Amino acid sequence: MATCAQPRHLCLAGSAGAVALATGRAASAEGPGRSGPLQDETLGVVSVPSQWRGVQGLRGETKSCQTASVATAEASVQTRRCADAEVQTEAVVPAGSPPAPQHDGPGLVAFLQRVEALMIRELNKNWQSHAFDGFEVNWTEPQETVTCLHTLGYPPAQGQGLHVTSVSWNSTGSVVACAYGRLDDGDWSTLKSFVCAWNLDRRGLNPRQPSAVVEVPSAVMCLAFHPTQPSHIAGGLYSGEVLVWDTGRPEDPLLWRTGLTDDTHTDPVYQVLWLPEPRHSHRWQVLSVATDGKVLLWQAAGPGQLQLAGGFALVVQQLPRNTKLKKPHRGETEVGTTAVAFSSFDPGLFVLGTEGGFPLKCSLAAEEAAATRAPSSVPLRAPAQFTFSPHGGPVYSVSCSPFHRNLFLSAGTDGHVHLHSMLQAQPLTSLQLSRKYLFAVRWSPVRPLVFAAASGEGDVQLFDLQKSSQKPTVSVKQTQDESPVYCLEFNQHQTQLLAAGDAEGVVKVWQLSTEFTEQGPRETEALERLAAEVAA
C-alpha cells in the first residue's frame with residue numbers, strides 16, 4: 001500500500017502544478033488532493049525598451065557643404081564713329097608733255113556751214129523713208145522653245161484603252177477638261193466612259209487624279225465649257241445624246257440631257273458649241289452636229305431636260321450646185337457633218353466639215369425647209385449656201401480666223417490643211433502636214449499668222465505663216481509610239497498654254513514661247529495681203 005500511495009501523490013501534485021501554471025497562482029488551500037476553481041486575473045503590462053534606436057542615435061552624423069564662390073566681373077566698351085570719304089585728284093601731267101590743243105572756234109563754224117545743206121538733205125530723206133515703219137524695240141530675250149508643262153491622265157480610263165477625244169478650257173482659263181471615248185473602228189455605244197477636269201492653279205496638283213470626274217454610260221465624243229459659267233460643260237455622246245454637267249456638284253453633276261427621243265441624233269455627236277439665244281444674249285443654247293446630217297439647237301426646258309429649239313438638216317438634193325458628189329446610194333440622202341466653226345465677225349455665219357470631204361458655208365438665218373423624212377418636233381431648215389473644194393477624205397476639223405472675217409482652216413484625213421477664203425471655192429493654199437490623218441486644227445487667239453494642228457503621227461505642229469508657208473515652225477512629239485493626237489485647244493486667257501489629247505489617254509499642256517504669243521509688227525496687214533493677193 002505504501003508503494004502504491006506514492007505515485008497517487010505524485011499524480012495529484014502534478015495536476016495541481018498544471019492548474020497553478022494555467023491560473024498563475026498556487027493550488028487552493030482547501031487541502032491537499034483537491035484542486036481549486038479557475039479564476040481570471042489581470043497582470044501588469046510588460047514592456048521591453050528598444051536598444052536599436054539608442055544605437056542608431058549614437059551613430060548619427062551631421063554634414064554640410066559649400067558651393068564654390070561665384071566670380072563676378074564688370075566690363076565696358078566704347079564705340080567709335082567712322083566715316084569714309086573719297087577724293088579724286090587730277091591726272092598728273094608728265095613734265096615736258098605738249099599742252100592740250102585749243103578748239104578752233106572759227107574753223108568749226110565754217111565747217112558746219114559747209115555741211116549744213118548736205119546734212120539737212122539726208123535727214124529729209126530719212127524722215128520720208130518707211131523702212132522702219134511699225135518697228136518696235138523689244139529688249140526681252142526671245143524664247144524659242146515649247147515645253148511640256150503638265151502630263152495629265154486618268155488611270156481607270158487609260159486602263160480601258162480609252163482615247164482623249166476632246167479637250168476644252170473653262171471661262172477662267174485655269175481648268176482643262178477632257179472627254180474619254182474611242183475614235184477607231186468598233187461599236188463603243190455601250191462602253192462606260194468619263195469626263196475629267198484638272199484645276200491647274202490648284203496647289204498640290206496631282207496629274208493622275210483629276211479634280212472632277214464624271215462617269216458617263218456611253219463614249220464621249222466631244223465637249224465644250226460654257227462661255228461664262230466656269231463649271232458647266234456640254235458633251236456629245238456616241239449614242240447621239242447631248243448632256244450638260246456641272247463639275248462643281250460631284251454628287252450629282254448631271255444638269256440636263258436630251259434623252260432618247262425622235263429629236264435626238266441617231267449617230268455619234270462629233271462637236272458641241274455654246275451659242276447665245278437670239279433674243280436673250282445672257283442665255284445660251286447648245287449646238288450639236290452629228291454624222292446623221294443634223295445640226296441641232298438645244299435649250300434647257302424644265303428640270304433635267306434639254307428641248308429642241310431649232311435645227312438644220314443637210315441632204316444631197318439641197319446642196320449648192322457647185323458641189324461635185326458621187327451619186328448617192330438609194331435611200332442615202334443625208335450628208336454627215338463632223339465639225340463646225342462660227343465666224344468671229346458674223347455670229348450667224350458658220351462652216352461645216354463633212355464626211356464627203358468638202359467644207360460648207362452655212363447660215364443660221366436660212367429659211368428653206370430641209371427635204372428630210374427624219375421625224376422632228378420642230379421644222380428643220382437647209383443651211384448650206386456655198387461649197388468649197390474638197391479634201392481627199394472626211395474633214396475632221398474647221399477653224400475660223402479671229403483676225404479676218406473671210407479666212408478659215410480645214411483639216412482632213414488626207415493629211416492636208418487648207419487655208420480658205422469665204423469668197424472662192426478653191427483654197428488659198430494647201431499644206432501637207434502628215435502622211436496620215438489630221439484630226440484637229442486651230443487658229444491662235446493672239447497671233448494672226450499662227451495656227452496649230454494635231455496629226456495622226458503623234459505630232460503637235462505649230463505654223464507661223466510669217467516665217468514659212470510650207471513647213472511648220474515647231475513640231476513637238478506628243479506620243480512616243482506615234483499614236484494619233486486627236487484634239488487640241490488654245491487657252492483664250494493664258495495664251496501661252498496649248499492643250500492636246502491623244503490615243504494613249506493623255507492630255508499634255510504645252511507652254512508656248514514668246515515667239516508664238518507676241519504679235520509681230522504689221523502682222524494683221526500681212527494676213528490681209530495674203531487673203532487679197534491669192535484671192536485676186
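The values are calculated or read from the model by the stated rules, or taken from the named source; none is laboratory data. The shown structure was predicted, so the numbers you read here are calculated from the model rather than taken from an experiment. Every residue, glycine among them, receives a Cβ derived from its backbone with ideal geometry; neighbour counts consider all protein chains shown. Areas reflect the complete protein model, heavy atoms only, side chains present, ligands, DNA and RNA absent. Shrake-Rupley method; radii C 1.70, N 1.55, O 1.52, S 1.80 Å.
Between a residue in region 338-353 that is in contact (Cβ under 8 Å) with a residue 40 or more places away in the chain and any residue that is among the acidic types (D, E), which pairs come within a Cβ distance under 9 Å, given they are 6 or more apart or on different chains?
T338/E355
Would you mind finding the one in H163, H103 that is of a type outside the set (S, T, N, Q), more than 17 Å from the chain's Cα centre (by Cα) and either surrounded by 11 or more Cβ atoms within 10 Å (Cβ to Cβ) or at pLDDT 90 or above (or both)? Give the steps one after another, and end with the answer.
Numbers: H103 fails: either surrounded by 11 or more Cβ atoms within 10 Å (Cβ to Cβ) or at pLDDT 90 or above (or both).
Every option except H163 fails the conditions.
So, in region 455-492, how many residues would count as being within 29 Å of E528 (Cβ to Cβ), more than 19 Å from the chain's Cα centre (by Cα) and among the hydrophobic types (A, V, I, L, M, F, W, C)?
Number of matching residues: 4.
Would you kindly identify the strands (runs of 3 or more DSSP E) lying entirely within region 460-536 that contain at least 2 residues that are among the β-branched types (V, I, T) and either surrounded by fewer than 18 Cβ atoms within 10 Å (Cβ to Cβ) or at pLDDT 90 or above (or both)? First the steps, then the outcome.
Values: elements: 474-477, 485-490, 497-502, 506-511.
Strands (runs of 3 or more DSSP E) meeting the threshold: 474-477, 506-511.
Here's the yes/no breakdown for (1) out of contact with any Phe, Trp or Tyr (no Cβ under 7 Å at 6 or more places or on another chain); (2) under 22 Å from N170 (Cβ atoms); (3) free of Cβ contacts under 8 Å to residues at least 60 places away in the same chain:
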residue: R435; (1), (2), (3): yes, no, yes
residue: Q461; (1), (2), (3): yes, no, yes
residue: S475; (1), (2), (3): yes, no, yes
residue: S483; (1), (2), (3): yes, no, yes
residue: A503; (1), (2), (3): no, no, no
residue: V506; (1), (2), (3): yes, yes, no
residue: E518; (1), (2), (3): yes, no, no
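Every residue, every condition in (1) in contact (Cβ under 8 Å) with a residue 40 or more places away in the chain; (2) β-branched (V, I, T); (3) open to solvent by less than 10 Å² (accessible area, probe 1.4 Å); (4) part of a strand (DSSP E or B), yes or no:
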site	(1), (2), (3), (4)
L260	no, no, no, no
D263	yes, no, no, no
D267	yes, no, no, no
Q271	yes, no, no, yes
L275	yes, no, no, yes
H282	no, no, no, no
V286	yes, yes, yes, yes
D292	yes, no, no, no
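Out of the residues in region 334-385 meeting the condition of being among the charged types (D, E, K, R) and in a strand (DSSP E or B), tell me which one is farthest from L273 (Cα to Cα). First the steps, then the outcome.
Restricting attention to region 334-385, the residues satisfying the condition of being among the charged types (D, E, K, R) are 334, 346, 355, 361, 367-368, 373, 381.
Remaining after also requiring in a strand (DSSP E or B): 334, 361, 381.
Working: E334: 22, K361: 17, R381: 19 Å.
Checked region 334-385; the qualifying residue farthest from L273 (Cα to Cα) is E334.
When only residues in region 366-388 that are in contact with a Gly (Cβ under 9 Å, 6 or more places away or on another chain) and at pLDDT 90 or above count, which is surrounded by the fewest Cβ atoms within 10 Å (Cβ to Cβ)?
The first filter runs over region 366-388 and keeps only residues in contact with a Gly (Cβ under 9 Å, 6 or more places away or on another chain), leaving 370, 372, 374, 376, 378-381.
Then keep just the ones that are at pLDDT 90 or above; that gives 378-381.
Numbers: V378: 13, P379: 11, L380: 22, R381: 20.
Once the filter is applied, the top-ranked residue is P379.
If you scan region 343-355, which residues turn out to be touching a Leu at 6+ places or on another chain (Cβ under 6 Å) and either acidic (D, E) or surrounded by 22 or more Cβ atoms within 10 Å (Cβ to Cβ) (or both)?
Residues of region 343-355 that are touching a Leu at 6+ places or on another chain (Cβ under 6 Å), as a first pass: 343, 348, 352.
Answer for region 343-355, where residues must be touching a Leu at 6+ places or on another chain (Cβ under 6 Å) and either acidic (D, E) or surrounded by 22 or more Cβ atoms within 10 Å (Cβ to Cβ) (or both): just L352.
Going through S363, S399 one at a time, which residue ends up being modelled with pLDDT of 90 or more, over 19 Å from T429 (Cα atoms) and among the polar types (S, T, N, Q)?
Being modelled with pLDDT of 90 or more, over 19 Å from T429 (Cα atoms) and among the polar types (S, T, N, Q) holds for just one of S363, S399, which is S363.
Every residue in region 113-131 that is part of a helix (DSSP H, G or I), open to solvent by 100 Å² or more (accessible area, probe 1.4 Å) and either within 30 Å of R522 (Cα to Cα) or not acidic (D, E) (or both), please. Step through it out loud before you land on a result.
Looking only at region 113-131, we keep the residues that are part of a helix (DSSP H, G or I), and these are 113-128.
From what's left, open to solvent by 100 Å² or more (accessible area, probe 1.4 Å): 113-114, 116, 119, 121, 123, 125-128.
Scanning region 113-131 gives Q113, R114, M119, R121, L123, K125, N126, W127, Q128.
Go through region 189-236 and give me each residue that's hydroxyl-bearing (S, T, Y) and either in contact with a strand residue (DSSP E or B) (Cβ under 9 Å, 6 or more places away or on another chain) or touching a residue at least 60 places away in the same chain (Cβ under 8 Å) (or both). Break it down stepwise before answering.
Going residue by residue through region 189-236, those that are hydroxyl-bearing (S, T, Y) are 189-190, 193, 211, 218, 228, 231.
Those that are hydroxyl-bearing (S, T, Y) and either in contact with a strand residue (DSSP E or B) (Cβ under 9 Å, 6 or more places away or on another chain) or touching a residue at least 60 places away in the same chain (Cβ under 8 Å) (or both): S189, S193, S211, S218, T228, S231.
Does V213 fit the bill of being assigned to a strand (DSSP E or B) and surrounded by fewer than 18 Cβ atoms within 10 Å (Cβ to Cβ)? Steps first, answer last, please.
Values: assigned to a strand (DSSP E or B): yes; surrounded by fewer than 18 Cβ atoms within 10 Å (Cβ to Cβ): yes.
Taking the combined requirement at face value, the residue satisfies it.
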